[in-house]
1. I'd like the full set of residues that are of a type in the set (S, T, N, Q) and either away from ligand 2 (no atom under 11 Å from the Cβ) or at the interface with chain A (Cβ under 9 Å from one of its Cβ atoms) (or both), limited to the stretch B:18-55.
2. Scan (1) farther than 19 Å from A:Ser161 by Cα; (2) among the aliphatic types (A, V, I, L, M); (3) exposed (fewer than 13 other Cβ atoms within 10 Å of the Cβ) for the single condition B:Ala50 breaks and write down its number.
3. Quick check: is even one residue across the stretch A:102-120 away from chain B (no Cβ under 14 Å), assigned to a strand (DSSP E or B) and not β-branched (Val, Ile, Thr)?
4. Could you check the stretch A:348-382 and list, in sequence order, the residues that are crowded, with 20+ Cβ neighbours inside 10 Å and of a type outside the set (Val, Ile, Thr)?
5. Are any of the residues in the stretch A:352-369 under 30 Å from A:Ala15 (Cα atoms) and in a helix (DSSP H, G or I)?
6. Which numbered condition in (1) in the same structural domain as A:Gly72 (by TED's automatic domain parsing); (2) farther than 24 Å from A:Leu85 by Cβ is the only one that A:Gly167 fails?
7. Under 8 Å by Cβ, and 6 or more places apart or on different chains, what pairs join a residue from the stretch B:33-55 that is within 16 Å of ligand 1 (Cβ to nearest atom) with one that is among the charged types (D, E, K, R) and not in a loop (DSSP other than H, G, I, E, B)?
8. Answer with yes or no whether A:Val380 is outside any helix (DSSP H, G or I) and either modelled with pLDDT under 95 or under 27 Å from the mean Cα position of the chain (by Cα) (or both).
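The values are calculated or read from the model by the stated rules, or taken from the named source; none is laboratory data. Remember, it's a predicted structure, so these values are computed and weren't measured experimentally. Every residue, glycine among them, receives a Cβ derived from its backbone with ideal geometry; neighbour counts consider all protein chains shown.
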Amino acid sequence: MLIETDILVIGAGPAGSTAAKHAAQGGAGVLMMDKKSEIGAPKRCAEGVSNGGLESLGIEKNPRWITKELDGVRLISPNRTDVWLTSDKIDLPETGCILERKVFDKYMTMDAARAGAQIKIKTLATGMEKTDDGYLVSAESMGESFQIKAKIVIAADGPESRVARWGGLNTTAKPKDMESAAQFEMAGVEMENNNCIEFYFGSVAPGGYAWIFPKGDDIANVGLGILATKTDKTAYEHLLEFVAKNPATQNAQPVELNIGGDPVGGMPKKLVDDNLMVIGDAAGQVNPLTGGGIISGMTGGMIAGKLAAEAISEGDLSRKKLKKYEDECQEAIGKSINKYLKVKDYMLTLNDGELDSIAEAFQDVEFEKVSTTELVQKLVKVSPKALLKLGKLF
Amino acid sequence: MIVKEWCMYCGECAGVCPRNLIEVRELTLKFNEDQCKECSLCIQVCPVKALEEDK
Ligand SMILES: Cc1cc2nc3c(=O)[nH]c(=O)nc-3n(C[C@H](O)[C@H](O)[C@H](O)COP(=O)(O)OP(=O)(O)OC[C@H]3O[C@@H](n4cnc5c(N)ncnc54)[C@H](O)[C@@H]3O)c2cc1C
Ligand code: SF4
Ligand code: SF4
């Protein structure tokens, strides 16, 4: 069996669905496949997004996929000095919310379908070869093998990023650039303020951080990301320790275990080739400091989907044409990813004692808004070491 | 490679394999063992230690 399409999107995560939607809206024939039997499940995510991010993508919030509106942030240093950034203290809080990814991801795929994309679930891409006018992708679904002929392949297969590599792009993540994460969704979580997301820094999560993201009532995502190059224990072992020691989770019980990788090494230089584009986690479109990749991956997906449709209608599928995606991505997300890479590298040099003294110095600082940029700007003010490393950037 | 029964098919191992040898299906993990260079990177990053070298 041979299926033909203008654009084939491989992976129906937030990035793939956004690309499929915009490509279909642009008039191209779009097919999107995912190996999962249920889009969005199991989740590999703490589910936090900024409201501004959703807005910039033109997505209207839907109560069916929002579990919690957030009021602020609590940062906790190793000796439990905490810094509160809440709307009562700050003029311009950057508001956010916690999603229900299992529902959100499905809704994004439904939007792509409504825009005209065909969707194939429980369908795995197993390989691909270049042809004169595109790619021939091998796929398997429910025991059947078939091929799909596509003029453009959009690789949106998440942290595995196998598809782009089949096409010759170098998207392999090194272990030092891949957060290894484990998380429980728990009930019975006793947070000091369950309208705030919490970040825990230091040796609780070597090379990353631990988090508690509230999902309403006493429910929360409790997890952490580590770098395997910085510890001998697994992410799961660190999580068990964190949950046992944290006052908020000592009486909580897990109802779900989530694990996964989060690429935090930034975007590779080359994101397109003739007939090929890579987006989302597969393209390192993740804030390297926070690990957040939903909004940035969808932004990449939007830019790629629009341009792919334009390329199809003009009949120019060359790298030269598709390169505009690289340039626009660099502008929209790349610049900020590069800045946060530097902050992440700086954070990796700090020991528990230094983190404690930063948290203490923050006690006397007035924050004007809640945003990662604001935090780094204030960090530069209280820490001479940070000023030296980051002063020019922020 | 021995894949333990508690593997959750998250795909992190596949992302770091320098030779792109790991196929992650919804409920199976397949290695292209012939080309494996035994670098152990896949074992190193697994969040739940579900991989073990087949000695
Ligand atoms: C523990 C954890 C917590 C996180 N928390 C947050 C957070 O709070 N906020 C945030 O913004 N980001 C967070 N992230 C990052 C976020 O989850 C990702 O950036 C986001 O899911 C990336 O979207 P994507 O569409 O690129 O990839 P994915 O969501 O990974 O989607 C890829 C899809 O491709 C499919 N696929 C893969 N290979 C194939 C194949 N060969 N054939 C067919 N289908 C295939 C998969 O089944 C999957 O559905 C977190 C990550 C982790 C691991
Ligand atoms: S990283 Fe571990 S749990 Fe995830 S797919 Fe690989 S072996 Fe399985
Ligand atoms: S040992 Fe190295 S080459 Fe072999 S499968 Fe694992 S990551 Fe790939």
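1. Result: B:Asn20, B:Asn32, B:Gln35, B:Ser40, B:Gln44.
2. It fails just one condition, (3).
3. yes
4. A:Leu355, A:Ala359, A:Phe362, A:Phe367, A:Leu375, A:Lys378, A:Leu379
5. No, the stretch A:352-369 contains no residue that is under 30 Å from A:Ala15 (Cα atoms) and in a helix (DSSP H, G or I).
6. (1) is the only condition that A:Gly167 fails.
7. B:Val45/B:Glu12; B:Cys46/B:Glu12; B:Pro47/B:Glu12
8. No.
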